Amino acid sequence: MILKKKIILASTSRYRAELLQRLGLDFQTARPGVDEKPLPDESPGATALRLAIEKARSVRAAGALIIGSDQVAECNGGAIGKPGTRDRARQQLLAMRGAGMVFHTALALYNSDEDR
């Protein structure tokens with residue numbers, strides 16, 4: 001017997017939803033309840049992985065496969081967060097000019113029935 005689990009994307013990002021739509025998957029979206037601030041001394045890659053896992057686990061739904069994802073940009077050894085304001089965006093762009101960027105992307109798949 002094949003059991004079909006519902007798929008939930010733990011994100012309100014339209015870009016992540018578009019990626020799943022391209023795959024032809026039937027899914028729902030849910031807003032994850034996660035504080036996205038990095039922990040002290042946490043590397044950008046570790047932040048992305050921790051947040052992907054926390055986002056997936058924050059959505060409560062029985063019989064579901066829950067997808068959590070996060071991406072953290074790194075420039076000159078430090079994480080680049082969302083600017084929030086136009087002035088902050090300008091400052092970030094000036095600081096990144098001529099520098100290499102690394103994007104740490106993480107994805108977590110949480111099976112709510114098995115709690116793993």
The extension gain from residue 76 to residue 5, computed as 0.36 nm times the residue separation minus the Cα-Cα distance, is 21.3 nm
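Gain in length, residue 28 to residue 58, computed as 0.36 nm per residue apart minus the alpha-carbon separation, to one decimal in nm?
Numbers: separation 30, 0.36 × 30 = 10.80 nm, distance 1.48 nm.
Working it through step by step, the gained length comes to 9.3 nm.
What number, rounded to the nearest 500 deg cm²/dmol, is the helix-based mean residue ellipticity at 222 nm of the chain, given -39500 (n - 2.57) per DSSP H run of at least four residues and division by all its residues? List each step's numbers first, then the result.
Details: 3 runs with 35 residues, N = 116.
Result for the chain: -9500 deg cm²/dmol, rounded to the nearest 500.
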What Rg and what Dmax come out for the chain when only alpha-carbon atoms are used, in angstroms? 16.3, 57
Whole-number accessible area per residue in Å² for the range 41-116, which is evaluated in the context of all protein chains at 1.4 Å: 62
Using the Cβ atoms and a cut-off under 14 Å, what net charge is assigned to the surroundings of residue 92, where Lys and Arg are +1 and Asp and Glu are -1? +3
Roughly how many percent of the accessible protein surface of the range 52-116 is carbon and sulfur, given a 1.4 Å probe and a whole-percent answer? 52
What is the distance in Å between the Cα centres of the range 69-104 and the range 15-51? 18
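The values are calculated or read from the model by the stated rules, or taken from the named source; none is laboratory data. It should be emphasised that the depicted structure is a prediction, and the values quoted were computed from it without experimental measurement. Positions of Cβ are generated from backbone atoms using ideal geometry, with glycine treated the same way; all protein chains shown enter the neighbour counts. These accessible areas exclude ligands, DNA and RNA; they are computed on the full protein's heavy atoms, side chains included. Shrake-Rupley method; radii C 1.70, N 1.55, O 1.52, S 1.80 Å.
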